[in-house]
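Shown next, in structure tokens, is the structure this report addresses.
The values are calculated or read from the model by the stated rules, or taken from the named source; none is laboratory data. The structure presented is a predicted model; accordingly, all values stated were derived computationally and were not measured. Cβ placement follows ideal geometry from the backbone for every residue including glycine, while neighbour counts extend to all protein chains displayed. Keep in mind that these areas ignore ligands, DNA and RNA; they rest on the heavy atoms of the full protein, side chains included. Shrake-Rupley method; radii C 1.70, N 1.55, O 1.52, S 1.80 Å.
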Amino acid sequence: MKFNSYSFKRLFSPASKFLLGIVLAGSLAGCQWGDEITSLVQPNPDDFLVLFSDTSTVSISTVRMDSVMTGSASRMLVGSFDDPFFGKIQAATFFQTAPQGAITVPTDAVYDSLVLSLKYERSSQVYGNRPYFYGDTTKSMTVTAHLLKEDILSKSIYHNNYTIPFESEPLATLTLSPRPYTQRMIQFKLPNEIGMEMFTKAKDNLLSTNDQFMELIKGFTVKAKSTDNGSVVGFQSGGDSTALRLYYHLTGNDAITSSMVSLSVSSIYNSISGDRRNTELAALPASRRATLPSERSGNKSFLQEGTGIMTRLDLPHLQTLKDIKYSVANRAYIRIKPFRQSVSRYFWAPPTIYVYYCNKNNEVLGQLTGLGSNSAVTGNYVNDFINNTEYYWFDVTAYVTSILNSNTSENNGLLLVSDQLGKNSDRFPGVPEGNTEISNGLTRLVIGSQKNTTDRGVKLELYYTTVKPQNK
């Protein structure tokens with residue numbers, strides 16, 4: 001561990017003075033009755049040094065959640081692409097449209113069409129009020145819509161790795177290059193056989209309940225062709241953004257009047273898969289209890305939404321600081337730089353990273369908070385144009401202090417994720433909160449370890465105070 005000294009008067013903190021006072025008090029408490037104490041002199045500030053180190057060992061590894069709950073999502077994900085670090089990524093949305101009441105049309109109405117519309121997500125606040133997409137939208141994609149064979153509500157919880165059976169023959173097919181900035185939506189014109197059946201039953205008042213409608217249409221899945229290599233695009237699911245619309249018209253004495261019945265999305269989940277064969281993540285354990293050390297993954301660690309991949313940090317040699325007498329940690333920070341080759345105009349880094357305590361089995365123990373506060377520790381993505389670097393910066397003083405004050409050798413560490421995890425509960429400990437970016441997106445992060453010869457991306461920045469060596 002390499003240290004650099006700094007001016008005491010600028011960096012010696014009130015917290016350090018307090019802790020040094022405790023050290024002195026502890027020394028007095030160790031005296032026995034009858035010991036001679038000649039004097040107690042207040043320490044001279046000039047007798048202390050504030051040291052800085054950024055060469056401490058930080059071990060990184062990759063962990064995978066057993067699954068990610070993707071039900072009740074506000075963003076529908078559709079697409080397929082080949083990620084140079086994460087392999088083949090595919091996303092499909094499964095949803096159900098349902099009437100708010102009875103579906104009726106006038107007896108003299110004339111059928112026009114049945115259309116399934118998916119509206120692009122036009123302003124994601126998390127990503128700077130721009131549409132959500134991940135990958136290269138200039139490449140074309142082939143998108144198909146299929147009927148489901150089962151009711152989505154037959155299950156109460158849906159995960160990213162689950163698929164509801166659906167008809168293999170598509171209802172409709174579109175080949176397009178996504179244009180979320182300039183286009184409002186994509187539309188599938190569904191077969192007239194289904195449209196006419198729905199129209200006829202509505203005229204005969206045979207769609208007065210949700211169960212009657214479910215007998216006709218249980219739901220849909222919209223997916224991309226598995227061989228596509230373009231992007232995954234986000235569509236809105238709330239309100240009337242995505243809907244099934246039955247169009248008809250009425251002929252009057254003076255004109256033709258067009259009208260429609262619109263059915264909004266009532267239930268939804270996203271299926272998200274990653275084929276990591278032939279990548280540096282090929283050996284990633286299936287169980288969350290095991291990690292993939294960076295030494296076995298190209299001296300890198302990884303994080304990805306949707307597929308539930310996280311990065312774990314450990315400080316294996318930090319307790320050796322206890323061997324330096326009369327030393328007090330002042331501040332500790334983790335600085336992380338994305339692996340430079342992994343960030344591009346198509347694959348950007350998460351805007352914010354959250355930090356959680358975890359045990360040796362990668363079970364979440366709680367969210368890391370600042371020293372002396374309840375504020376959650378997060379790191380925002382910083383693009384430093386002056387120094388031509390990007391990084392996240394986390395205040396881990398509380399974590400470092402807890403290690404130095406601990407008398408145990410428990411193998412606890414830190415987990416990095418891109419959004420909030422759930423509170424510890426008996427049912428779902430440490431899983432993503434509902435409808436978060438972890439379950440709604442595919443944004444990812446690649447970090448080079450300290451052994452990476454191309455781009456070292458992690459370091460511990462440690463400031464602490466110690467006593468100057470005295471010349472005898």
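Can you work out the FRET efficiency for the pair L404 and T454, with r the C-beta to C-beta distance and R0 = 45 Å, to the nearest 0.05?
On the way: r = 33 Å, r/R0 = 0.73.
Between L404 and T454 the formula returns 0.85.
How about K451: which aspartates and glutamates have a C-alpha closer than 13 Å to its C-alpha, ignoring those fewer than 8 places off in the same chain?
E295
Suppose a student asked you for the relative contact order of region 95-246, using Cα pairs under 8 Å spaced at least 6 residues apart; what percent would you report?
Once normalised by length, the contact order is 46 percent.
Are there GluC sites (Glu not before Pro) in region 118-192 that DSSP puts in a loop and that have at most 13 other Cβ atoms within 10 Å, and which ones? Intermediate values should be presented prior to the final figure.
Values: sites: E121, E150, E167; in loops: E121, E150, E167.
Here the GluC sites (Glu not before Pro) that fit, given the DSSP loop and packing criteria, are E150, E167.
Starting from the Cα gyration tensor of region 67-138, take the square roots of the eigenvalues, sort them a ≥ b ≥ c, and report rounded, prolate or oblate (rounded when a/c is under 1.5, otherwise prolate if a/b is larger than b/c, else oblate). Let's see the in-between values first.
Working: a/c = 2.35, a/b = 2.28, b/c = 1.03.
Verdict is prolate for region 67-138.
For the residue pair N387 and S140, what label-to-label distance in nm results when each label sits 7 Å from Cα along the Cα-to-beta-carbon direction?
4.7
Taking 41 Å as R0, compute the FRET efficiency from the Cβ-Cβ separation of T227 and H249 and round it to 0.05. Don't skip to the end; give the middle numbers.
Numbers: r = 40 Å, r/R0 = 0.98.
With a Förster radius of 41 Å, E is 0.55.
Would you mind checking K88/K337; K88/K119; K149/K223; K119/K223 for any pair whose Cα atoms are more than 21 angstrom apart?
Working: K88/K337 25 Å; K88/K119 25 Å; K149/K223 16 Å; K119/K223 15 Å.
Table pairs above 21 Å Cα-Cα are K88/K337; K88/K119.
What does the extension gain come out to for L153 and V467, with contour length at 0.36 nm per residue minus their alpha carbon separation? It would help to have the intermediate numbers written out before the result.
Details: separation 314, 0.36 × 314 = 113.04 nm, distance 6.63 nm.
Residue separation times 0.36 nm, minus the Cα-Cα distance, leaves 106.4 nm.
I'd like the carbon and sulfur percentage of the solvent accessible area for region 142-231, probe radius 1.4 Å, heavy atoms only, ligands and nucleic acids excluded.
48
Once the Cβ-Cβ distance between Q100 and R345 is put in as r, and R0 is 41 Å, what FRET efficiency do you end up with, to the nearest 0.05?
Numbers: r = 42 Å, r/R0 = 1.02.
With R0 = 41 Å, the Cβ-Cβ based efficiency is 0.45.
In this model, which of K225/K300; K322/K360; K300/K322; K155/K201 are farther than 25 Å apart at the alpha-carbon? Intermediate results must be reported in sequence, preceding the final value.
Details: K225/K300 31 Å; K322/K360 22 Å; K300/K322 30 Å; K155/K201 28 Å.
With Cα atoms farther than 25 Å apart: K225/K300; K300/K322; K155/K201.
Using alpha carbons only, how many angstrom separate the centre of region 56-82 from the centre of region 376-394?
Here the answer is 21 Å between Cα centres.
Find how much the distance from S113 to D275 grows on full extension, using 0.36 nm per residue of separation minus their present alpha carbon separation; answer in nm with one decimal.
Numbers: separation 162, 0.36 × 162 = 58.32 nm, distance 3.86 nm.
Stretched out fully, the S113 to D275 stretch lengthens by 54.5 nm.
Just add up the charged neighbours of T144: K/R +1, D/E -1, any other residue whose Cβ is under 14 Å from the Cβ of T144.
Numbers: positive: K189, K223, K225; negative: E167, E169, D228.
In short, 0.
Give me the distance in nm between label points sitting 7 Å out from Cα along the Cα-to-Cβ direction at R179 and N411, one decimal.
A separation of 5.5 nm, rounded to one decimal place.
At 7 Å along the Cα-to-beta-carbon direction for both N361 and M214, put a label point, then send me their distance in nm to one decimal.
Inter-label distance under the simple model: 3.7 nm.
Could you please state, rounded to a whole Å, how far the C-alpha centre of region 240-258 is from the C-alpha centre of region 293-331?
61
In percent, what relative contact order does region 214-269 have, based on Cα pairs under 8 Å that are 6 or more apart in sequence? Working shown, then result.
Numbers: 45 pairs, mean separation 16.5, N = 56.
Normalised by residue count, the contact order of region 214-269 is 29 percent.
Give me the distance between the Cα centres of region 174-200 and region 98-123, rounded to whole Å.
Going from one Cα centre to the other spans 11 Å.
Report in % the part of the accessible area of region 287-387 that belongs to carbon and sulfur, leaving out ligands and nucleic acids; probe 1.4 Å. Write down the numbers at each step before the final one.
Details: 2300 of 4780 Å².
Taking all protein chains in place, region 287-387 shows 48 percent carbon and sulfur surface.
Contact order normalised by length for region 234-330, with contacts defined as Cα pairs under 8 Å and 6 or more residues apart; what percent is it?
On the way: 73 pairs, mean separation 15.1, N = 97.
That works out to 16 percent.
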